[in-house]
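Working notes for the structure below.
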Amino acid sequence: MNKRVALRKREMKSASVPRESLDRRTVLRGSGVAMTLPWLSAMQSVGAKEPKRPARRFVSISTGLGLLGDNLFPENPGKQYEPSRYLRALQDIREKFSVVSGTHHPGVSNGHRAEASILTATPIGNSGAAKNTISLDQMLAKRLGNATRFPSLVLSTGGSQSPSYTDTGAMIPAESSPAKLFAQLFIDDTAKEQVRQADRIRKGRSIMDVIGEDAKRLERELGSGDRQRLDAYFTSVRELERHMAANERWAKLPKPVVDQKRPVPPSQNDVVGCLSMMLSVMKLALQTDSSRFMTLNIPGSNHRLPIDGVDEGHHTLSHHGQDPEKLAQLALIEDELVAAYGDFLRSLASFDDPTGNLLDQTSVLMTSNLGNSSNHDNRNLPVLIGGGGFEHGKHLAFDRKDNHPLATLFVSVLQQTGLPLGEFSSGTSTMTGLDPTV
């Protein structure tokens, strides 16, 4: 064999998947940092003819102050619906989600108190004396969550309230700090190291600076497709860190003193900004298969969000009493909430790995316990369901006077995610029209 042929063979070997397949749980390490990797083709078993069946995932985003039905629900049903105000910004991904109207949880009432029932579908009464049951996410985590480091992630944009309940009816407190969640996912468990890494982020240093040598070594062993996937993942991490650092700086800046109306609140009151940041960390958790089941609660609050045209607190505006000015301001807030949901769907759809598309593997629900927050009505709940391997692009319109059980959607999600259950709470069948593509 001549030297040129031998050299070419060595080059081909170094540019391809290593002879020994990369372990699925491979992490990149630096000083006190252990960074999980997304799925790469190099993690496929040597000699495997095709990737294994992709994992199925579920994410719920719930808002405590509802969404205006007139701005969310299209007038006509089916695939030919004309987009409503809130859905216009999502038309580029129209085939990736469905909007559902005319649903509720039978027997669930009591306005804000129904927040405890949104993922359990169980009436618990105004006093809370009745016992709650297991929530959809925890049912999945209990049966399927042992495949990941975190069986579930229970999160919030503020406070510890959550829609996640154990099988004994106990609420699971939510984590509301994106920085702490980031540390949970990527930084070793010692409190000292978590403080050090938080300081690095504040100073604009990336986790990539710490695990850089390990990352370079791995990239030299991967094929071009895997290198591109890894680069896209690292870019997402850097962008999130910059966002977190900017948020930290704004939170510490003194409020400006001006001789005019009250200035925009600091970033800790920016519910939409916190939502966007939390969704970014959640995307990384899904990419790295750190957890497959997550809830994110957007609790009702009276923060005045830093949105042009919004002059009053969110809770005040949600109790609008049909006042046109309040409705107009509330719509500006809800535009942003639905847009953040759409951005999350796009971010998952943009991530392909050897097992398929991340959005196709993940059912992403957005809903609320309130159909009309102004009069605390728990009927006609706002519902968006994206991804998950369902056939989308539809308005599933049920009777708005005689609502359909929302828990039928939960049965559809359970079955599509890998639990062949025929019922869940008030859902005794799958949801009509929400059909799997495979």
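The values are calculated or read from the model by the stated rules, or taken from the named source; none is laboratory data. Given the structure is predicted, the values throughout are model-derived calculations rather than measurements. Don't worry about glycine lacking a Cβ; one is built from the backbone with ideal geometry, like all the others, and counts go over all protein chains shown. We work out accessible area using only protein heavy atoms, side chains counted, and drop any ligands, DNA or RNA first. Shrake-Rupley method; radii C 1.70, N 1.55, O 1.52, S 1.80 Å.
Count of the range 271-314 residues, restricted to those that are closer than 20 Å to Ile118 by Cβ and in contact with a His (Cβ under 9 Å, 6 or more places away or on another chain), is 4. The set of residues from the range 387-433 being under 21 Å from the mean Cα position of the chain (by Cα), within 21 Å of Asn369 (Cα to Cα) and outside any helix (DSSP H, G or I) comprises just one member, Leu406. Output the residue which, of all residues in the range 312-332 that are in contact (Cβ under 8 Å) with a residue 40 or more places away in the chain and not in a helix (DSSP H, G or I), is least open to solvent (accessible area, probe 1.4 Å). For the range 312-332, the residue satisfying everything is His320. When the residues of the range 86-115 are narrowed to those that are of a type in the set (S, T, N, Q) and crowded, with 16+ Cβ neighbours inside 10 Å, which ends up nearest to Leu434 (Cα to Cα)? The qualifying residue nearest to Leu434 (Cα to Cα) is Ser98.
Here is a list: Ile93, Ile134. Which entry is within 25 Å of Thr168 (Cβ to Cβ) and of a type outside the set (Lys, Arg)? Full working, then the answer.
On the way: Ile93 fails: within 25 Å of Thr168 (Cβ to Cβ).
Result: Ile134 is the single residue among Ile93, Ile134 that is within 25 Å of Thr168 (Cβ to Cβ) and of a type outside the set (Lys, Arg).
If you go through the range 333-370 and keep only what is buried (at least 18 other Cβ atoms within 10 Å of the Cβ) and in a strand (DSSP E or B), you end up with Asp353, Thr362, Ser363, Val364, Leu365, Met366, Thr367, Ser368.
Yes/no per residue for (1) buried (at least 18 other Cβ atoms within 10 Å of the Cβ); (2) touching a His at 6+ places or on another chain (Cβ under 6 Å); (3) modelled with pLDDT under 75:
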| residue | (1), (2), (3) |
| --- | --- |
| Ala6 | no, no, yes |
| Trp39 | yes, no, yes |
| Ala48 | no, no, yes |
| Asp70 | no, no, no |
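Checked against the criteria, Lys142 counts as touching a residue at least 24 places away in the same chain (Cβ under 8 Å), among the charged types (D, E, K, R) and surrounded by 16 or more Cβ atoms within 10 Å (Cβ to Cβ). The set of residues in the range 184-212 that are open to solvent by less than 20 Å² (accessible area, probe 1.4 Å) and either part of a loop (DSSP other than H, G, I, E, B) or at pLDDT 80 or above (or both) comprises Leu185, Ser206, Ile211.
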